[in-house]
1. Less than 22 Å apart at the alpha-carbon level, and either on another chain or at least 8 residues along: which lysines does that give for LYS29?
2. Give, rounded to the nearest 20 debye, the magnitude of the charge dipole that the stretch 146-197 has about its Cα centre when Lys and Arg contribute +1 at Cβ and Asp and Glu contribute -1 at Cβ.
3. Please compute the modelled spin-label separation between SER46 and PHE32, points set 7 Å along Cα→Cβ, answer in nm with one decimal.
4. So who's got an amide H within less than 5 Å of the one on LYS196, skipping anything under 5 residues away but keeping other chains? H placed 1.01 Å off N, in plane.
5. In percent, what relative contact order does the stretch 2-195 have, based on Cα pairs under 8 Å that are 6 or more apart in sequence?
6. Which helices of the chain meet both criteria: a Cα extent of 18 Å or more along the helical axis and a mean Kyte-Doolittle score no lower than -1.0, with helices taken as whole DSSP H segments?
7. If you project the alpha carbons of the chain onto the principal axes, what extent comes out on each, in Å, largest first?
Amino acid sequence: MANDFLQRVDGSPLQLKVLNSALQLFADKGYFNTSIPDLVAHSGVSIGSIYKHFGDKEGLARALMERLVEEIYQQQLAVVAEYGNAQSRYEALARWMCQLTLDYPTVMGFLLYARHQAFLPDSSSICSSRAFMLLRDVLAQGMLSGEVRKMDVMVAAAVGFGSVLRMMQLHLDGVLDRPLTVYFDEMIDAGWRALKS
């Protein structure tokens, strides 16, 4: 359930309540179709408290994006810390990404489908966030150790993790014939074979 995804990030219970409501509404209705009164009704938090803590709807969206990406980054760091080589890190991160999609479809749907720069025009692309950069770094380190064949790191990331992201999207779209978990082994094996030296 999306409501427990942000529990580990900083913020008062009131802020977390508003952030979780914003996540749900932005994912369901879209940013532009969600109003502050919608957020008040959904969260049960007063309009004054929303403005006090977040400034406005754009400030709320910015805080939500920052906290979602930070939580994902922290989870990735924990995954990477468990493994010592590029192959095991790649495989663990790919599984983790897919499991995150199964456990938190609202979170992943919002991150993958919302056009963030449309409502946060001065923000960087999510693909330049620390969370996405970490995926590239794992493959770059694999190139340095000789486990991953030499190629442009952006190409490596697209080959290794782009296919995982696409399968996550297909799952969220309800297109897959079978559960996403059924595809884990074949998808990860194919990705690693394309990357390995």
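Each value in this text was obtained by applying a stated rule to the coordinates, not by laboratory testing. Note that the structure is predicted; figures quoted are calculated from it, not measured. Cβ placement follows ideal geometry from the backbone for every residue including glycine, while neighbour counts extend to all protein chains displayed.
1. The qualifying lysines are LYS17, LYS57.
2. Computed charge dipole of the stretch 146-197: roughly 200 debye.
3. 3.3
4. Distant-sequence amide H within range of LYS196: ARG149.
5. Values: 174 pairs, mean separation 42.1, N = 194.
About 22 percent, as a whole number.
6. Helices meeting the criterion: 13-29, 57-81, 86-103, 130-145, 180-195.
7. Here the Cα extents, ordered largest to smallest, are 57, 35, 29 Å.
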